[in-house]
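Heads up, the thing below is written out as C-alpha cells.
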Amino acid sequence: MKQEKRRGLIIGIIAILASIVIFLVPFAFILLTASKTVKDSSDLAFSLPQQFVLFENISTVLRTSEAVVLRAFINSTTLTVTSVIIMVILAAMAGYILDRRQSRWNTVANFFVLAGLIVPPAVVPTIWVLQTLGLFKTMPGMILIEVTFGLSFSILLFKSFVSSIPRELDEAAIVDGAGPLRLFFSVILPLLKPVVVTVVVVQAVAVFNDFQNPLYFLPGNDGVTVQLTLYNFQSQTLNQWNLLFTDILLITIPPLVMYMFFNRQIVEGMTAGAVKG
C-alpha cells in the first residue's frame, strides 16, 4: 500500500514538472519578452528585462495599424459568442432527439455526426458554397463555418449526457401537459448544465484560437480576428519581437482565464455522461 502511494506521489510530481516545462516555461518566456524593449527583446533570450515596459508595449500594440488588435478582439468576441450560443442550442436539441427518439434515421444521423469528426473540411468547395449563398467574406458566413465544424463533437457530448437522464422525467412532464419545446427547455436543458459549460468553454477556446478558417473564409482587414493579427504583426512592426510577443500575450489571456475558472466543470462535463451512461 505504501509503495502504491509512493508510486502515485512520484507520478504526480513528474506530471507537475512536465506541466511546468510544457506550459509555464513558454508562458514565462512570452511574458518576459513582452516586457522588454525593442533592443533587449531582439536577442530572444530567456532573461529578465533590463527595463520593464510591458504596459507601454500593450499600449503600442493596441494603437498599431489603426487599432487593428482592438478591432480583431471585437470580431473574435462576436464570432465566438454567436457561434457558441448557436452550437449549444443545436447540439443539445440534436443530442436529445438522437438519444430519446429511436427511428430508422438515427443510423444515418449518427453516420453524419461521426463523419463530421473524421472527414477533413474541403476548403475550395466550401468557398464556392459561401459565394453562392453570398456569405463569403462575411461574419454570418464565418459563424456558419464555425458552428458546422464544431457541431459533431458537441452533439456527441450532449447525446452521451442525455442518456444519463431518466426517461421518467420526460413522461412526467408530458403528463403535466408540457409540449416538446417546453419539455426540452424547461426540464431537460437545466439538467444539462455540466455539459453545457464544457461545450461552451471548449468550443469558445477553439473558435477564439481558430486561425485556419478565418484565413480561408474571412479574408480582409474588416473581418480580421485575433489570430490573424499574428500572421501580419511581425512584418507590420518590422521585427519588433517585444510587440509581437505582447500581441501573443493579449491573445493568450482570455482562453487561459476561461480554463482556470472552469477547469472543474470541464472535467465533470466530459466524464459525467461516460460514468452514468
Q: Given the options Leu24, Leu192, Leu130, state which has the largest fluctuation in a GNM of the chain using a 10 Å cut-off (strictly under) for Cα springs.
A: Leu24
Q: Provide the FRET efficiency to the nearest 0.05 for the Phe29-Glu168 pair, computing r from the beta carbons and using R0 = 51 Å.
A: 0.40
Q: Give a residue-ordered list of calculated ³J(HN,Hα) values for the range 83-94 (Karplus: 6.51 cos²θ - 1.76 cosθ + 1.60, θ = phi - 60°; whole Hz; x for Gly, Pro).
A: 4, 5, 4, 5, 4, 5, 5, 5, 5, 5, 5, 5
**Q.** Test item: Cα-centred dipole of the chain, Lys/Arg +1 and Asp/Glu -1 on Cβ, debye
**A.** 680 debye
Q) Taking every eigenvalue of the Cα gyration tensor of the range 1-121, multiplying by 5 and rooting it, what semi-axes result, largest first, whole Å? A) 43, 31, 12
Q) Tilt of helix 2-19 relative to the longest C-alpha principal axis of the chain, in degrees (0 to 90, nearest 10)? A) 60 degrees
(Q) Could you tell me the calculated FRET efficiency between Arg6 and Ser42, based on Cβ-Cβ distance and R0 = 41 angstrom, to the nearest 0.05? (A) 0.30
Q) Counting each DSSP H run of 4 or more residues in the chain as -39500 (n - 2.57), what helix-only mean residue ellipticity at 222 nm follows after dividing by all residues, to the nearest 500 deg cm²/dmol? A) -24000 deg cm²/dmol
(Q) Only Cα pairs within less than 10 Å get springs; with that Gaussian network setup on the chain, which residue of Ile11, Ile251, Ile30 has the largest fluctuation? (A) Ile11
Q) Stokes-Einstein at 10 °C, 1.306 mPa s, Kirkwood radius from Cα pairs: D for the range 99-190 in µm² s⁻¹? A) 100 µm²/s
Q. Setting aside same-chain residues fewer than 8 positions from Lys193, which aspartates and glutamates have a Cα under 13 Å from its Cα?
A. Glu268
Q) Ignoring ligands and nucleic acids, what accessible area does Thr198 show with a 1.4 Å probe (Å², nearest 10)? A) 0 Å²
Q: Would you be so kind as to identify which of Val195, Gly179, Leu169 lies farthest towards the positive end of the dipole of the range 151-202, taking Lys and Arg as +1 and Asp and Glu as -1 on Cβ and the Cα centre as origin?
A: Val195
Q. Ignoring ligands, DNA and RNA, what accessible area per residue does the chain give at 1.4 Å, in Å²?
A. 59 Å²
Q: Could you check how much of the accessible area of the chain is carbon and sulfur, as a whole percent, using a 1.4 Å probe?
A: 68 percent
Q: Using only Cα atoms, locate the centre of the range 190-214 and the centre of the range 61-75, then give the distance between them in Å, rounded to an integer.
A: 24 Å
Q: Please find, in a Gaussian network model of the chain (springs between Cα atoms separated by less than 10 Å), the residue of Gln227, Gln102, Gln240 whose mean-square fluctuation is greatest.
A: Gln102
Q | Reachable aspartates and glutamates, given that their alpha-carbon falls under 12 Å from the alpha-carbon of Lys36 and they are not under 8 places away in the same chain | A | Glu56
Q) By how many nm would the segment from Leu256 to Val123 grow when fully extended, if each residue of separation counts as 0.36 nm and the alpha-carbon distance is taken off? A) 44.9 nm
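The values are calculated or read from the model by the stated rules, or taken from the named source; none is laboratory data. These numbers come from a predicted model, not from an experiment. Cβ coordinates were reconstructed from backbone atoms using ideal geometry, including for glycine residues, and neighbour counts include every protein chain displayed. Quick note on the areas: whole protein, heavy atoms, side chains included, nothing else; ligands and nucleic acids left out. Shrake-Rupley method; radii C 1.70, N 1.55, O 1.52, S 1.80 Å.
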